[in-house]
Amino acid sequence: MAHLDGLEGRTALVTGAGEDFGRVIALALSQAGANVAIHAVAGQGNAEAVATEARALGGKAAVATGDVTDPGEAEAIVAQARKAFGPIDIFIHCVGVRPHSAIAESTVKEWHQAIDTNCSSFFYLARHLLPDMTARQFGRLVSVTVALDDQTRPLHGAIAAARAGLRELVKVIAVETAAQGVTSNLVSISINENSKPELLKPEMLRKFVPAGRPGKLEEIAAACLYLCSRQAAYVTGQTLHVDGGFTL
């Protein structure tokens, strides 16, 4: 992955990087030569351990903690990353919740949790990152989402609304900032090696994933790194499906 142009010496903020695919993405960026601010909610995940892993790969790493669904804390997360490394070039968003309930049975709390976590948090962070990116004529924004949320399904009302909002937000950022060297994209994933055990059963994989296997976390990371590279400078406002054919 280190051969991709535009990552060496860049500064990245990865939210939800204390575990799962967020961790693998953060480590891949570090291995590719980027300085990485590793975000986790205070007391959750293993951000410090991931930072230690990143440093062992030869990169510089710092920890930024806070609640991305709170506008003030989101601003503080960006400030922590900036304090460690200066202006942020790359932002990869790896947080999300997926409450399941029928519309008539959904609570207002569940609704706001889905909208705030899956959509608003991207806005809360991006608004503080974009000025530096546009001024420096380089920026990469990527949000990692779940392919299942592209489908209209029962019990997914809040998730679907948040997903649609995020998709359009990413597109608007893309058209607003393309002339300033900034790209904004989505990476959509399906069943992967960190999915629930029942989804990893052979019969489930055969039924839902044409590739017949779960995705590897390294494959998710590779897609994100491509979108953050100079080679992807002409790719913006898009959804890159890393799903083994799931959406087909």
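The values are calculated or read from the model by the stated rules, or taken from the named source; none is laboratory data. Because the structure is a prediction, the values reported are computed rather than measured. Reconstructed Cβ throughout: ideal geometry from the backbone, glycine too, with neighbour counts over all protein chains shown.
Step by step: first the residues of the stretch 12-41, then only those that are of a type outside the set (Gly, Ala, Ser) and closer than 14 Å to Gly58 by Cα, then the one that is surrounded by the fewest Cβ atoms within 10 Å (Cβ to Cβ). Which residue is that?
Among residues in the stretch 12-41 that are of a type outside the set (Gly, Ala, Ser) and closer than 14 Å to Gly58 by Cα, the one surrounded by the fewest Cβ atoms within 10 Å (Cβ to Cβ) is Gln31.
Which residue pairs have Cβ atoms closer than 7 Å, lie 6 or more positions apart in sequence or on different chains, and pair a first residue in the stretch 76-103 that is more than 18 Å from Cys228 (Cα to Cα) with a second residue that is surrounded by fewer than 16 Cβ atoms within 10 Å (Cβ to Cβ)? Correct list of pairs: His100/Leu155; Ser101/Leu155; Ala102/Pro154; Ala102/Leu155.
I need a count of the residues in the stretch 125-137 that are surrounded by 17 or more Cβ atoms within 10 Å (Cβ to Cβ) and more than 14 Å from Gly16 (Cβ to Cβ). Write out each step before concluding.
Filtering the stretch 125-137 for residues surrounded by 17 or more Cβ atoms within 10 Å (Cβ to Cβ) gives 125-126, 128-130, 132-133.
When the remaining residues are screened for being more than 14 Å from Gly16 (Cβ to Cβ), the result is 126, 128-130, 132-133.
Within the stretch 125-137, residues that are surrounded by 17 or more Cβ atoms within 10 Å (Cβ to Cβ) and more than 14 Å from Gly16 (Cβ to Cβ) number 6.
Might you check whether a residue that is under 17 Å from Val95 (Cα atoms) and free of Cβ contacts under 8 Å to residues at least 60 places away in the same chain occurs anywhere in the stretch 50-59? Yes, there is a match, as at least one residue in the stretch 50-59 is under 17 Å from Val95 (Cα atoms) and free of Cβ contacts under 8 Å to residues at least 60 places away in the same chain. Scanning the stretch 165-198 for residues that are surrounded by fewer than 16 Cβ atoms within 10 Å (Cβ to Cβ), more than 16 Å from the chain's Cα centre (by Cα) and assigned to a helix (DSSP H, G or I) yields Val172, Val175, Glu176, Ala178, Ala179, Gln180, Pro197, Glu198.
Here are some residues: Glu105, Glu110, Glu168. Which one is farther than 25 Å from Leu7 by Cβ and at pLDDT 95 or above? Walk me through how you get there before you give the answer.
Numbers: Glu105 fails: at pLDDT 95 or above; Glu110 fails: at pLDDT 95 or above.
The unique qualifying residue is Glu168.
For the stretch 69-110, the tally of residues that are within 21 Å of Ala28 (Cβ to Cβ) and of a type in the set (Val, Ile, Thr) stands at 5.
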